[in-house]
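Asks: Below is the structure I would like to discuss, written out as structure tokens.
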Protein chains: 2
Amino acid sequence: MIDHDGPTPLYVQVADAIEARIQAGDLLPNRPIPSENQLVQEYGIVRGTARKSIQLLRERRLVVTVVGRGTYVATPTDDQA
Amino acid sequence: MIDHDGPTPLYVQVADAIEARIQAGDLLPNRPIPSENQLVQEYGIVRGTARKSIQLLRERRLVVTVVGRGTYVATPTDDQA
DNA sequence: CACCATTTGTACGTATGTATC
DNA sequence: TGATACATACGTACAAATGGT
């Protein structure tokens, strides 16, 4: 699923994969996405890379992060940034 | 100048310091800010921290980065993002 | 053209702090 | 108290882009 040798950065590939899961309805609004450590397990990446993926999703305004809780699929309400 | 023990994250302190230098006219529009390695030297931080500072300045739209060249103080023209 | 220095980009690994439950 | 999860900061290595020699 993730190409560790291709030209596309891993953190972009992972962010795209999560975005696809959101669009597909696999991950629902107000529900948590996999934790950083879970992403590490699922995609065979290191935690720093998982964090960069989540940050990219935040910049795309697809997720919101709550310290100590986790990262959640954004809702239309979250767009008031 | 930088408090390595205080509650404010180093990368925020460094970004604020650079922003102050921009506001003071020490760093001019279309002119480069110190490179990541120079920031490492000047502030006694690690490169990852310097990068986070620059990223924060990009989010503030105070600078623009060109791969292989460096990071430059933004001009009003750059605001067309 | 090859080569090199500089600079930013990506990715790995590790440790400690803070917040929530 | 402890487990979980994100935040910060350190350190290292190599890749890619740029510009000059």
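Asks: Taking the stretch B:1-14, which residues are more than 14 Å from DNA strand C (Cβ to nearest atom) and at pLDDT 95 or above?
Replies: B:13
Asks: Can I ask one more? From the residues in the stretch B:6-26 that are surrounded by fewer than 11 Cβ atoms within 10 Å (Cβ to Cβ) and within 16 Å of DNA strand D (Cβ to nearest atom), which one is farthest from the other protein chains (Cβ to nearest Cβ)?
Replies: So the residue we want is B:6.
Asks: Still on this structure, please answer the following. Quick one: in the stretch B:61-71, of everything that is near DNA strand C (Cβ under 9 Å from one of its atoms) and open to solvent by less than 90 Å² (accessible area, probe 1.4 Å), which residue is nearest to the chain's Cα centre (by Cα)?
Replies: Once the filter is applied, the top-ranked residue is B:71.
Asks: More than 14 Å from DNA strand D (Cβ to nearest atom) and either open to solvent by less than 40 Å² (accessible area, probe 1.4 Å) or in a helix (DSSP H, G or I) (or both): does that describe residue B:58? Give the steps one after another, and end with the answer.
Replies: On the way: more than 14 Å from DNA strand D (Cβ to nearest atom): yes; either open to solvent by less than 40 Å² (accessible area, probe 1.4 Å) or in a helix (DSSP H, G or I) (or both): yes.
Taking the combined requirement at face value, the residue satisfies it.
Asks: Working only within the stretch A:30-81, note down all residues that are modelled with pLDDT of 90 or more and at positive phi.
Replies: Result: A:30, A:44, A:61, A:70.
Asks: Please enumerate the residues belonging to the stretch A:27-51 that are open to solvent by 90 Å² or more (accessible area, probe 1.4 Å) and over 9 Å from the mean Cα position of the chain (by Cα).
Replies: Result: A:28, A:30, A:31, A:37, A:38, A:41, A:42, A:46, A:47.
Asks: When the residues of the stretch A:27-55 are narrowed to those that are charged (D, E, K, R) and either assigned to a loop (DSSP other than H, G, I, E, B) or in contact with an Asp or Glu (Cβ under 7 Å, 6 or more places away or on another chain) (or both), which ends up farthest from the other protein chains (Cβ to nearest Cβ)?
Replies: A:31
The values are calculated or read from the model by the stated rules, or taken from the named source; none is laboratory data. Small disclaimer: the values here were computed from a predicted structure and weren't measured. For neighbour counting, all protein chains shown are included, and Cβ atoms are generated from backbone atoms with ideal geometry for every residue, glycine included. Ligands, DNA and RNA are excluded from the accessible area calculation, which covers all protein heavy atoms including side chains. Shrake-Rupley method; radii C 1.70, N 1.55, O 1.52, S 1.80 Å.
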